[in-house]
Amino acid sequence: EVEIPEDHPRYQSLLTRHRIEEGVEKGITSKQGLIAEGRGESFDYLLGEETLPSADEAELAAAAQLLLAEHAVLSMNGNVAALVPGEIVELAEATGADIEVNLFNRTEERMQAIADHLREHGAENVKGLTADARIPGLEHERGKVDEEGIYSADVVLVPLEDGDRAEALAEMGKTEIVIDLNPLSRSPRTAAIPIIDNIMRAVPNMTAHARDLADASREELEAIVEAFDREKTLEEAEHAIRDV
Ligand code: PTJ
């Protein structure tokens, strides 16, 4: 276990890297996940490593959307499982969502390792291992999902997702919430609610919003979702990156 001093100016960034490294060592995160992490870090640096006001609005809208859902699913890949396992379990509890492991580079070993890791962090029911349905339009392994999970969900959170899969899920008519630090990436551009923020900050903030909204009426939740402007969120993030 590496000790990272909390007063280090790059504490959060070092912690994130360390979690990804550990994820690879435990067989949770893929080697491509290391590249994805590096890409994400560079965008986070340009965003000032903090949640933009427009991202906070997106996180509020996402929390409302998850609470409104009939059947919401939080999709987990090797990076998400390494970075925010306990935080995802808390978000699932606060919103009543299911958790499903869904990998871009699917192997049975990694599916199992991630499901075990999530259970160690308090997840009771981890979906994704049944894989009895397919997302239309995707190659066999990449399209595998649970019939009672992502396949039948109305709202899905797909963090750090590949563009093709984000598009295929949108074509199935799902309301997609995407977390991705790159505002130009295809996945957030496909999403009903794009969240341009580091997943390390985004997930706990969504949970805090969901808890604040626990007693809100359907009308109040719907008004929050209606007021959300996806184009503005994407533009503000791009603007923050280009005009530093
Ligand atoms: O575990 P698997 O097999 O499902 O694979 C997961 C990865 C992430 C490797 C796979 O989905 C992939 O290759 O994704 P991409 O196409 O590299 O896209 C990942 C996106 O997430 C990029 O746009 C990154 O900028 C972004 N990203 C990386 N780290 C973070 C992030 N966004 C938010 N928070 C992060 N910490």
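Where a number appears in this text, it was derived from the coordinates with a stated rule and is not lab data. Nothing here was measured: the structure is a model prediction, and the numbers come from that model. Virtual Cβ from ideal backbone geometry, glycine too; neighbours counted across all protein chains shown.
Normalising the average separation of contacting C-alpha pairs (under 8 angstrom, six or more residues apart) by the number of residues puts the relative contact order of the range 53-242 at 27 percent. For the chain, give the share of DSSP beta bridges that are antiparallel, in percent and rounded to the nearest 5; count only bridges with both residues there. Counting only bridges with both partners in the chain, antiparallel ones make up about 10 percent. Summarising the label geometry, the points placed 7 Å from Cα in the beta-carbon direction at residue 7 and residue 125 lie 4.8 nm from one another. Within the same chain, lysines fewer than 8 places from residue 174 are excluded, and of the rest, those with a Cα less than 19 Å from its Cα are 127, 144.
Between amide H atoms placed 1.01 Å from N, distances below 5 Å from residue 181 occur with 197, all of them 5 or more places distant or on a separate chain. Of the peptides 137-145, 55-63, the order by per-residue mean of other Cβ atoms within 10 Å, starting with the highest, comes out as 55-63, 137-145. Were the residues from residue 229 through residue 107 laid out at 0.36 nm apart, the gain over their Cα-Cα distance would be 40.2 nm.
For the pair the range 14-43 and the range 88-123, the centres of their Cα atoms are 17 angstrom apart.
Within the range 119-244, antiparallel bridges make up roughly 20 percent of the DSSP beta bridges whose residues both belong there. Residues whose amide H lies under 5 Å from that of residue 128, counting only those 5 or more places away or on a different chain, are 101, 146; hydrogens are built 1.01 Å from N in the peptide plane. Placing unit charges on the Cβ atoms of the charged side chains and taking the dipole of the range 10-67 about its Cα centre, the candidate lying farthest along the positive direction among 45, 15, 61 is 15. Among 5-17, 184-196, the peptide with the highest mean count of other Cβ atoms within 10 Å heads the list, and the full ranking is 184-196, 5-17.
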